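Peer 1: The following block contains the structure, expressed as structure tokens.
Coordinate-derived values only; no laboratory data. All values reported here derive from a predicted model rather than from experimental measurement. With ideal geometry, Cβ positions are generated from the backbone for all residues, glycine too; neighbour counts draw on all protein chains shown.
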Amino acid sequence: MRNDNGYTLAEMLVAMGIFLFVILAANQAFQRIVALSSQNSSSLVSNIEGVVGLELLRYDIEHAGYGLPWRFQSYTGAIVFRNLGGSANAEVIAANGALAQGMDSASLNAVDSGDIRALAAGTCSKEVNGSDTANVSGGPDYLVVRSGMAALNRGTGDVSRKWSYLNYSSTGTENQSYLKKWYNAEDLGPGDRATAILSIFTTSGAEEKILLMDGLDFEVKIGAGGALPAGESFKPADGSHIVTAYGLANSPGLGSVLRMPYHRTDYYLSRPASAPPTCNPGTGILYKAVVDQATGRFATPYPLLNCVADLQVEFEYDAKDDGDISYLSGSTLNSYDAADIRDHVKVVRVYLLVQEGRRDDSFKYSGDSIQVGDRARPTTSGRTLSATEMATLFTNDWRKYRWKLYTIVTRPKNLVQ
């Protein structure tokens, strides 16, 4: 209590103690808010990355089979790849095939000209970090998508989203009259390289998509004003024929540019030497890699999503189109031919186990296992990692990370076009 002599020493000490306690409490609360804000910001970044990267994956699956020929006009049997430049006659060069640990990308090559599959998949024999697989289900899956749009070089020069009809003309005096124009930026223009695919129905009523060719050449180079190459090789033979031109690339130079009449893109997990430091050491990055038309090797891959622990893919297959669905793994899908896949694959399901945010020592993941698959089918979908397997793959501190399962369910719209 105050008097004319001021505060006592005891009163000053008590006041200072109370003040110090309030300051310390406020500091602790502030540190907690900062830590929580940092964690939330990191989680938000993860979510934004997920939305952007996974939308590209979904888009490619949705357009699998777009512009893909069902057979070649000039020959049957093994595909004769063009523009080899001294490299092997193969879709993907084997020497450049190791994108993911434990998976040879060339093992999923298209070989037969009448059996080019819009979708293919496999299972890696190693985990993301190169270690042996954690359980009998194998490691992460590996997905291949083939279509005219799989390259998707957005912006200037993006020809893979252009298409047009090749109209029939009985006179044939002007090549330009054959190519339908839209009179906008989607028109095929000078230097664009395309394919011409004839759609017909056989006497039995079956549809066919035939790649029109000039000998072994399947490449249609668009000239000035939308002019087509001289000759009749890539044009409708009569008024009943429907021929569609699918843009693939742009190059004003002479000679062949296209190695194959479609694009191939691969989705896989890999951990680079420069992985983000906030990612668990057992996780990797989801990549999209496109086969270079000039070389048959993969161009620089696009990183889509950081801190990915696992990737599992399955396919909904309706053998009789009666709604009785079978769920196929990638290896099982590969036993079906291109026609089966076109006719009976209804939905593609992709599951990704992703680290959300950064490590949080104040957090403890409560589950004893994580299923990377459809939880309505716990024993048959994807793979389930036990607590022991999680510790083996992602260290004993795996519970200090938030794990999120992304599920992408996509119905391909271009298998039977």
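Peer 1: Charges on Cβ only, +1 for Lys and Arg, -1 for Asp and Glu, centred on the Cα centroid of the chain; of A88, V128, S170, which one is farthest towards the dipole's positive end?
Peer 2: Comparing the listed Cα positions along the dipole, V128 ranks first.
Peer 1: Would you mind calculating the gained length between E186 and T407 on full extension (0.36 nm times residue separation, minus the Cα-Cα distance), in nm to one decimal? Intermediate results must be reported in sequence, preceding the final value.
Peer 2: Details: separation 221, 0.36 × 221 = 79.56 nm, distance 3.30 nm.
That works out to 76.3 nm of additional length.
Peer 1: Is the C-alpha gyration tensor of segment 176-310 telling us rounded, prolate or oblate? Criteria: a/c under 1.5 is rounded; beyond that, a/b larger than b/c is prolate, otherwise oblate.
Peer 2: Working: a/c = 2.91, a/b = 2.11, b/c = 1.38.
Since a/c reaches 1.5 and a/b is larger than b/c, the shape of segment 176-310 is classed as prolate.
Peer 1: Give, rounded to the nearest 20 debye, the magnitude of the charge dipole that segment 107-250 has about its Cα centre when Lys and Arg contribute +1 at Cβ and Asp and Glu contribute -1 at Cβ.
Peer 2: Working: 12 positive and 17 negative charges, 72 e Å.
Approximately 340 debye in magnitude.
Peer 1: Next question, about the same structure. If I model a spin label as a point 7 Å beyond the Cα along the Cα-Cβ vector, how far apart are those points for V80 and D340 in nm?
Peer 2: My value for the distance between the label points is 3.0 nm.
Peer 1: Take T8 and I200, extend 7 Å from each Cα along the Cα→Cβ direction, and tell me the distance between the two endpoints in nm.
Peer 2: Placing both labels 7 Å beyond Cα along the Cβ direction yields 11.1 nm.
Peer 1: Counting each DSSP H run of 4 or more residues in the chain as -39500 (n - 2.57), what helix-only mean residue ellipticity at 222 nm follows after dividing by all residues, to the nearest 500 deg cm²/dmol?
Peer 2: Details: 4 runs with 73 residues, N = 417.
Per the formula, -6000 deg cm²/dmol.
Peer 1: How many angstrom separate the Cα center of segment 359-383 from the Cα center of segment 285-350?
Peer 2: So the two Cα centres are separated by 23 Å.
Peer 1: May I ask which residue of V290, F394, G382 lies farthest towards the positive end of the charge dipole of segment 290-417, with charges of +1 (Lys, Arg) and -1 (Asp, Glu) on Cβ and the Cα centre as origin?
Peer 2: Farthest towards the positive end: F394.
Peer 1: Need the full-extension length gain, A230 to A98, defined as separation in residues times 0.36 nm minus the C-alpha distance. One decimal, nm.
Peer 2: Values: separation 132, 0.36 × 132 = 47.52 nm, distance 4.17 nm.
Using 0.36 nm per residue and subtracting the Cα-Cα distance, I get 43.4 nm.
Peer 1: If Rh is defined by the Kirkwood formula over all Cα pairs and Rg also comes from Cα, what ratio Rg/Rh do you get for segment 159-250?
Peer 2: Numbers: Rg = 12.8 Å, Rh = 13.4 Å.
Here Rg/Rh amounts to 0.96.
Peer 1: Within segment 352-388, which residues have the backbone N less than 19 Å from the label spot 7 Å out from A319 along Cα→beta-carbon, could you tell me?
Peer 2: Label zone hits: 380-381.
Peer 1: I would also like to ask the following. Tell me which cysteines of the chain come out unpaired when the rule is another cysteine's Cβ under 4.7 Å.
Peer 2: C124, each lacking another Cys Cβ under 4.7 Å.
Peer 1: Find, among the chymotrypsin sites (Phe, Trp or Tyr not before Pro) in segment 336-379, those assigned to loop by DSSP (not H, G, I, E, B) with at most 14 other beta-carbon atoms within 10 angstrom.
Peer 2: Listed in order of number, the matching sites are F363.
Peer 1: Please list, in order along segment 319-332, the HN-Hα scalar couplings obtained from phi with the Karplus expression 6.51 cos²θ - 1.76 cosθ + 1.60 (θ = phi - 60°), rounded to whole Hz, x for Gly and Pro.
Peer 2: Calculated HN-Hα couplings, in order: 4, 10, 6, 10, x, 8, 8, 10, 9, 9, 7, x, 5, 5 Hz.
Peer 1: Rounded to the nearest 5, what % of DSSP beta bridges with both residues in the chain are antiparallel?
Peer 2: Beta bridges within the chain, antiparallel portion: roughly 95 percent.
Peer 1: How far is it, in nm, from the label point at D368 to the one at V52 when both lie 7 Å from their Cα along the line to the Cβ?
Peer 2: 4.1 nm
Peer 1: If the cut-off is a Cα-Cα distance under 17 Å, which lysines reach K221, setting aside same-chain residues fewer than 8 apart in sequence?
Peer 2: K162, K180, K181, K235
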